[in-house]
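**Student:** Let me begin by handing over the structure; questions about it come next.
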Protein chains: 2
Amino acid sequence: MKKVVSAEVAASLVKDGMVIGVSGFSPSGYPKAVPLALAQRVKNTGEKMKLTLYTGASVGAEIDGAWSEVGIISKRMPYQTNSSLRNNINKGLTEYIDMNLSVMPQFINYGFLPKVNIAIVEALGITEEGNIIPTTAVGNTATYVANADKIIIEVNENQPLSLEGIADIYTLENPPFRKPIPITHTGDRIGTTYIPCKLEKIVAVVMTNMPDKTRPLKAMDETSKAISKNLIEFLENEVKERRLPENLLPIQSGVGSVANAVLAGLCESKLKNLTCYTEVIQDSMLDLIRCGKAKMVSSTALCPSPAGMEDFRRDLDSLKDKIILRPQEISNNPEVIRRLGVIAINTALEVDIYGNVNSTHVMGTKMMNGIGGSGDFAENASLTIFTTESIAKKGNISTIVPIVSHVDHTEHNVMVIVTEQGTADLRGKSPKERALAIINNCAHPDYRPQLLEYLEKAQECSGKHTPHVLCDALSWHIRFMETGTMKKKFIKFTFGNDENNDKLIVS
Amino acid sequence: MKKVVSAEVAASLVKDGMVIGVSGFSPSGYPKAVPLALAQRVKNTGEKMKLTLYTGASVGAEIDGAWSEVGIISKRMPYQTNSSLRNNINKGLTEYIDMNLSVMPQFINYGFLPKVNIAIVEALGITEEGNIIPTTAVGNTATYVANADKIIIEVNENQPLSLEGIADIYTLENPPFRKPIPITHTGDRIGTTYIPCKLEKIVAVVMTNMPDKTRPLKAMDETSKAISKNLIEFLENEVKERRLPENLLPIQSGVGSVANAVLAGLCESKLKNLTCYTEVIQDSMLDLIRCGKAKMVSSTALCPSPAGMEDFRRDLDSLKDKIILRPQEISNNPEVIRRLGVIAINTALEVDIYGNVNSTHVMGTKMMNGIGGSGDFAENASLTIFTTESIAKKGNISTIVPIVSHVDHTEHNVMVIVTEQGTADLRGKSPKERALAIINNCAHPDYRPQLLEYLEKAQECSGKHTPHVLCDALSWHIRFMETGTMKKKFIKFTFGNDENNDKLIVS
């Protein structure tokens, strides 16, 4: 209790050049008051402050937003979703390392990254020994707490105390001492409900009462519903063909409107006794428990919308024994994902005709959010599925392109593509067979002829394993940037004098 | 014994349209007489024959070569290295599915691929119960034997009988029944020395006496030695900085002259008590045991050069207890690779300035060999290292390019690049930081100015997270195909009539 101080006093411990590790994942369970106090101070004083910031995944505007606005994040890893920070990344003001989320904690433990100077951690409370009870996210908190020189705790009275017990903290030894992770079912509890911490490392405790700034839920549109319908039909057929058990295998689902629609679709399907082994729990996953379809959900963060959080708090007692929050080195661990046979469902920004997926880069150069956990799951799932609407920007972008402008998931890992147009099952197909499946089943009809034309031209002029016209491969992206659409138009350029009338037709 | 027949009689069981699964990995332990008899028959009769061929990895010319020459492989997975087959793949005559090697067996077990009609398996012998003693490779044999309707065994008297006992056969249940793989050290034996098989499934036994057609060893050149030196210096520094234990962690090494040089370099280094958790054992890895540096080697195949095989047979009794051959679903399993903290060392065809690696496609379209096990290891290793000579084709190709023409390993997984020029440590670096490290440390001096020029231009005109000039990104490959070199030349094109003298300078 002697350590209880104001957010401003705690923030005064943070010095220029430090590495700060914070709790939080998928804007939930992150510290709020101390980061805000630090940003305010820098704003007022104009002092020099450049920090390296480690998180679980995305954190709220109180950190990524406020810190980016005063320009104090020089380096950031492993994931973000904040618009101010994104701006700084794409302007070259913040160096961002976009990492597989399961790898971040072992990069710390292996000494591959600079040590954490101060960990700032949101907690429900602290035990007499100094152990920390996490709130709505576990993320990398246990790793940063173990690695940090000093720890600042924000005890957030806004978080429901009955969250205690939902966490299952189990961390990994470094090789060569690492043991098998003893999880064989989604619901296996293998650790403690608190994050082990030595009391003397805690240098300040700040009392707060601030809600997680989670994202409001977007309304489910017809396109998302069509994607969901195609995906669930695919899964039901897998059951029918005995390639999946009747209750499927544990589901991992990314976030966003398509993910919400898919989970809502599962609520209405005939499937039952489902489980989820995932990294974020959003509204529709809670609904899946409520409607009796999901019997157990393992995750590293609880991140319903503000309205969904209200409902969650009301139902917490009945939901609690069906939810486990694990450190992300467990929730996203390849070992467990491969063993359980997780079905990974994530969103692509764009997909190429050979099945490579871009999840991160707009037009190959600008960061959207990051790969997040999709790599951990896509590389190890029993079924790796990517969803995307077939078009974007009012039809001026085809999300199915000749070649993706950045690769996050390779042809070797991607098994199924689902758009509102249909489903392409890529398993056991060669690149050319994949191209036909993706173009004919998933591409928007407006772009199919243009894609088939590319494929045909490519087969005439290059190696026939993965045919490409290298000088045209990225032309769709270039055309969009130059003309505002990926659709082909014929433009005439006139060279020379008019009498001579030399023309070069540029498509 | 009643089942012993000639190769021709056994081959007569193979019918048009069948799926054939064979033993063998990295041309070793594959069946020889029956495939040759089949090819000979098709050559003589001209009968219609289109087969789907599953293997462990590459197999010898007796299958991939002879079958490709008579055009009977319509579909092939998951890996190959044969020149005739490669030709057919790149001509579009064979559909090739280039897969992560750990995934192939579970694709069979999950029913994702057509069932195996006939498995053709090389064996040292068969027990009374029908169990099969494998020879120099384990690969996917256990999976194909369990999955096949019928099994043909080639008992190869050319293989040394004292190989018996070297194999450790442990296979995986499908989810949700899969259990942790109980390997915590390279040398843990967890299974049987034979491949379980029901006697009644064996429909024919053929006696043969034919050596594995392994590849002769290339002489170690100065460039490979320089790469090896840089890599070992890097590893020794990791030990010094306490990021690796003194005896490192288990090493996985790809094949080829650089791999051989690296392992030879380890023999001469100060490092000791090493282990290898890998997929192929070549000459230099056996030397690593002989010189006392490696105390245990786990693999799925034994594939020394013809001369190395002679030496191996001589030393077999003393080497045997330091070698384990596992099914590739264990040797390449993400769970074990991540747990043991394997150091993965593989070869890149080309690397881009942001750390993406192409291992498979020449100029983006032609298949070289395939990803093999490099994906399984690169995605899960504690240290993921790629080596490449900085130039190829007498300096006309820079293996460091603005953007790779195909991505097999993404920026999210690649940690270290080593060329004969030096080492780029990409851990904790943003894309732009990686670009400078790779250009300055790894690129050939002839290409550095051109790469820096690209990076500079890209930073002026695009998103600054991963800067690219999309219309120039693949221009290095296009230039090579058009002019025979990636080096920039200035060519003048004249449009219009000469009087008007309109010029367009195209670089």
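**Student:** Tell me which GluC sites (Glu not before Pro) from segment B:10-112 have a DSSP coil assignment and no more than 16 other beta carbons within 10 Å of their own. Each step should come with its number before you reach the end.
**Tutor:** Details: sites: B:GLU47, B:GLU62, B:GLU69, B:GLU95; in loops: B:GLU47.
Here the GluC sites (Glu not before Pro) that fit, given the DSSP loop and packing criteria, are B:GLU47.
**Student:** Within 10 Å of each Cβ in A:103-111, how many Cβ atoms from other chains are there, averaged over the peptide? Mind showing how you got there, number by number?
**Tutor:** Working: counts 9, 0, 0, 3, 4, 0, 0, 9, 5.
Neighbouring Cβ atoms belonging to other protein chains average 3 per residue here.
**Student:** Next up: For chain B, take the longest principal axis of its alpha carbons; what is the angle in degrees between that and the long axis of helix B:306-319, to the nearest 10 within 0 to 90?
**Tutor:** Helix B:306-319 sits at roughly 60 degrees to that axis.
**Student:** Now a separate question. Averaged across A:352-363, how many Cβ atoms of other chains sit within 10 Å of each residue's Cβ atom? Walk me through the numbers before you get to the answer.
**Tutor:** Numbers: counts 0, 0, 1, 0, 3, 0, 0, 0, 5, 5, 2, 4.
Going residue by residue through A:352-363 and averaging, the value is 2.
**Student:** To continue, here is another question. Any chance you could give the angle, 0 to 90 degrees and rounded to 10, that helix B:257-268 forms with the longest Cα principal axis of chain B?
**Tutor:** It works out to around 80 degrees.
**Student:** I need the GluC sites (Glu not before Pro) found in segment B:196-282, filtered to DSSP loop residues with at most 16 other beta carbons within 10 Å of theirs. Intermediate results must be reported in sequence, preceding the final value.
**Tutor:** Working: sites: B:GLU200, B:GLU222, B:GLU233, B:GLU236, B:GLU238, B:GLU241, B:GLU246, B:GLU268, B:GLU279; in loops: B:GLU241, B:GLU246, B:GLU279.
Here the GluC sites (Glu not before Pro) that fit, given the DSSP loop and packing criteria, are B:GLU241, B:GLU246.
**Student:** Cα-based Rg (one decimal) and Dmax (whole number) for segment B:222-448, in Å?
**Tutor:** 16.9, 52
**Student:** For chain A, what does the equivalent ellipsoid look like in terms of its semi-axes, each the square root of 5 times an eigenvalue of the Cα gyration tensor, given largest first in whole Å? Present the calculation step by step, with values, prior to reporting the outcome.
**Tutor:** Details: eigenvalues 349, 167, 73 Å².
In descending order the semi-axes read 42, 29, 19 Å.
**Student:** Excluding A:SER318 itself, calculate the net charge of residues whose Cβ lies under 14 Å from the Cβ of A:SER318, where each Lys or Arg counts +1 and each Asp or Glu counts -1.
**Tutor:** Numbers: positive: A:ARG290, A:LYS295, A:ARG313, A:ARG314, A:LYS320, A:LYS322; negative: A:ASP287, A:ASP311, A:ASP315, A:ASP317, A:ASP321.
Taking every Cβ under 14 Å from that of A:SER318, the sum is +1.
**Student:** Along Cα-to-Cβ, 7 Å out, sits the label point; list in nm, shortest first, how far the one on B:VAL203 is from those in the other copies.
**Tutor:** 7.4
**Student:** Let me ask something else. How high is the FRET efficiency between A:LYS15 and A:ASN396 when r is their beta carbon distance and R₀ equals 51 Å, given to the nearest 0.05? Intermediate results must be reported in sequence, preceding the final value.
**Tutor:** Numbers: r = 48 Å, r/R0 = 0.94.
Here the calculated transfer efficiency is 0.60.
**Student:** Percent antiparallel among DSSP beta bridges with both residues in segment B:350-431, to the nearest 5? Mind showing how you got there, number by number?
**Tutor:** Details: 10 of 15 bridges.
Among the beta bridges of segment B:350-431, antiparallel pairing accounts for roughly 65 percent.
**Student:** As a test, work out the antiparallel percent of DSSP beta bridges whose residues both lie in chain B, rounded to the nearest 5. Intermediate results must be reported in sequence, preceding the final value.
**Tutor:** Numbers: 20 of 69 bridges.
The antiparallel fraction comes to roughly 30 percent.
**Student:** Turning to a different aspect of this structure: Can you find, among B:CYS461, B:VAL351, B:SER162, the residue sitting farthest towards the positive end of the charge dipole of chain B, where Lys and Arg contribute +1 and Asp and Glu -1 at Cβ?
**Tutor:** B:CYS461
**Student:** Then there is this: Please compute, for peptide A:423-432, the average count of beta-carbon atoms on other protein chains lying within 10 Å of each residue's beta-carbon.
**Tutor:** Details: counts 0, 0, 1, 1, 7, 10, 3, 10, 7, 3.
Shielding by partners across A:423-432 averages 4.
**Student:** List the trypsin sites (Lys or Arg not before Pro) within segment B:428-486 that fall in a DSSP loop (any state other than H, G, I, E or B) and whose Cβ has at most 14 other Cβ atoms within 10 Å.
**Tutor:** Values: sites: B:LYS429, B:LYS432, B:ARG434, B:LYS457, B:LYS464, B:ARG479; in loops: B:LYS429, B:LYS464.
Here no loop site has a sparse enough neighbourhood.
**Student:** Follow-up. Starting from the 7 Å offset along Cα-to-Cβ, what nm value, one decimal, do you get for the label separation of B:GLU433 and B:LYS295?
**Tutor:** For B:GLU433 paired with B:LYS295, the spin-label model returns 3.7 nm.
**Student:** Please give the charge dipole size of segment A:7-208, origin at the Cα centre, charges +1 on K and R Cβ atoms and -1 on D and E Cβ atoms. Round to the nearest 20 debye.
**Tutor:** On the way: 17 positive and 19 negative charges, 130 e Å.
Magnitude of the dipole: close to 620 debye.
**Student:** If R₀ is 41 angstrom, what is the calculated FRET efficiency for the pair B:THR483 and B:LYS213, using the beta carbon separation as r and rounding to 0.05? Before the final figure, lay out the partial values.
**Tutor:** Values: r = 38 Å, r/R0 = 0.93.
That gives a FRET efficiency of 0.60.
**Student:** Further question on the same structure: What's the carbon and sulfur percent of chain A's accessible surface, probe 1.4 angstrom, rounded to a whole number? Mind dumping the intermediate values first?
**Tutor:** Numbers: 9230 of 17800 Å².
Looking at chain A in its full context, I get 52 percent from C and S.
**Student:** Want the number for A:ASP311 to A:ASN247: 0.36 nm per residue separation, take away the alpha-carbon distance, what's left?
**Tutor:** Working: separation 64, 0.36 × 64 = 23.04 nm, distance 2.65 nm.
Full extension of this stretch gives 20.4 nm more.
**Student:** Could you check the spin-label model distance between A:GLU233 and A:VAL203? Points 7 Å from the Cα along Cα→Cβ, value in nm.
**Tutor:** Going from the A:GLU233 label point to the A:VAL203 one covers 6.0 nm.
**Student:** Place +1 on the Cβ of every Lys and Arg and -1 on the Cβ of every Asp and Glu in segment A:7-208, take the dipole about the Cα centre, and give the residue among A:ILE195, A:ASN131, A:PHE177 whose Cα lies farthest towards its positive end.
**Tutor:** Of the options given, the answer is A:PHE177.
**Student:** I've got another one for you. Treating the point 7 Å from Cα along Cα-beta-carbon as the label, what are the nm separations from B:GLU236 to the other copies, to one decimal?
**Tutor:** In ascending order, 6.5 nm.
**Student:** On to the next question. Of all beta bridges DSSP finds with both residues in segment A:222-448, what is the antiparallel percent, to the nearest 5?
**Tutor:** 30
**Student:** Would you be so kind as to identify which of B:GLY46, B:ILE400, B:ILE281 lies farthest towards the positive end of the dipole of chain B, taking Lys and Arg as +1 and Asp and Glu as -1 on Cβ and the Cα centre as origin?
**Tutor:** Of the candidates, B:GLY46 comes out farthest on the positive side.
**Student:** Dipole of the protein assembly as shown, Cα-centred, from +1 at each Lys and Arg C-beta and -1 at each Asp and Glu C-beta, to the nearest 20 debye?
**Tutor:** 20
**Student:** Would you mind checking the tilt of helix B:222-240 against the longest principal axis of the Cα atoms of chain B, expressed as 0 to 90 degrees and rounded to 10?
**Tutor:** Here the helix axis deviates by roughly 90 degrees.
**Student:** Still on this structure, please answer the following. Please report, for B:THR45, the nm distances (one decimal) from its label point, 7 Å out from Cα along the beta-carbon direction, to the equivalent points in the remaining copies, shortest first.
**Tutor:** 8.8
**Student:** Turning to a different aspect of this structure: Only Lys, Arg, Asp and Glu count, each charged at its Cβ (+1, +1, -1, -1), so figure out the dipole size of segment A:222-448 about its Cα centre, rounded to 20 debye. Spell out each step's value before the answer.
**Tutor:** Values: 25 positive and 28 negative charges, 62 e Å.
My answer is approximately 300 debye.
**Student:** Please compute how much accessible surface disappears when A pairs with B, both sides summed, using a 1.4 Å probe, and round it to the nearest 100 Å².
**Tutor:** On the way: alone 21230 and 21240 Å², together 35610 Å².
Chains A and B together bury roughly 6900 Å² of accessible area.
**Student:** Same structure again: At 222 nm, what value in deg cm²/dmol follows for chain B if DSSP H runs of at least 4 each add -39500 (n - 2.57) and the sum is divided by all its residues, to the nearest 500?
**Tutor:** -8500 deg cm²/dmol
**Student:** Excluding ligands, DNA and RNA, what is the solvent-accessible area per residue of chain B at a probe of 1.4 Å, expressed in Å²? Display every interim value, and only then the final one.
**Tutor:** Working: 17810 Å² over 507 residues.
Per residue, chain B has an accessible area of 35 Å².
**Student:** Next question. Based on the mean of other beta carbon atoms within 10 Å per residue, what is the order of B:139-149, A:376-386, B:111-121, most packed first?
**Tutor:** Working: B:139-149: 25.5, A:376-386: 27.2, B:111-121: 21.7.
Packing order, densest peptide first, comes out as A:376-386, B:139-149, B:111-121.
**Student:** Next question. With a sphere of radius 14 Å drawn around the Cβ of B:ILE202, what net charge do the other residues whose Cβ falls strictly inside it have (Lys, Arg +1; Asp, Glu -1)?
**Tutor:** Details: positive: B:LYS2, B:LYS3, B:LYS150, B:LYS198, B:LYS201; negative: B:GLU122, B:GLU128, B:GLU129, B:ASP149, B:GLU154, B:GLU200.
Once all neighbours under 14 Å are counted, the net charge is -1.
**Student:** So, one more: Mind giving me the FRET efficiency for B:SER74 and A:VAL4? R0 is 60 Å, r the Cβ-Cβ distance, nearest 0.05 is fine. Mind dumping the intermediate values first?
**Tutor:** Numbers: r = 73 Å, r/R0 = 1.22.
The computed FRET efficiency comes out at 0.25.
**Student:** Run through every distinct alpha carbon pair of the protein assembly as shown and return the Kirkwood hydrodynamic radius in angstroms, one decimal place.
**Tutor:** Details: mean 1/r = 0.0338 Å⁻¹.
Evaluated on the protein assembly as shown, it is 29.6 Å.
**Student:** Let me ask something else about it. Just grab the label-to-label distance for B:LEU93 and A:THR45, each label 7 Å out from Cα along the Cβ direction, in nm (one decimal).
**Tutor:** My value for the distance between the label points is 7.5 nm.
The values are calculated or read from the model by the stated rules, or taken from the named source; none is laboratory data. If you're wondering where the values come from, they're calculated on a predicted model, not measured in any experiment. Positions of Cβ are generated from backbone atoms using ideal geometry, with glycine treated the same way; all protein chains shown enter the neighbour counts. In case anyone asks, the SASA skips ligands and DNA or RNA and just uses the protein heavy atoms, side chains included. Shrake-Rupley method; radii C 1.70, N 1.55, O 1.52, S 1.80 Å.
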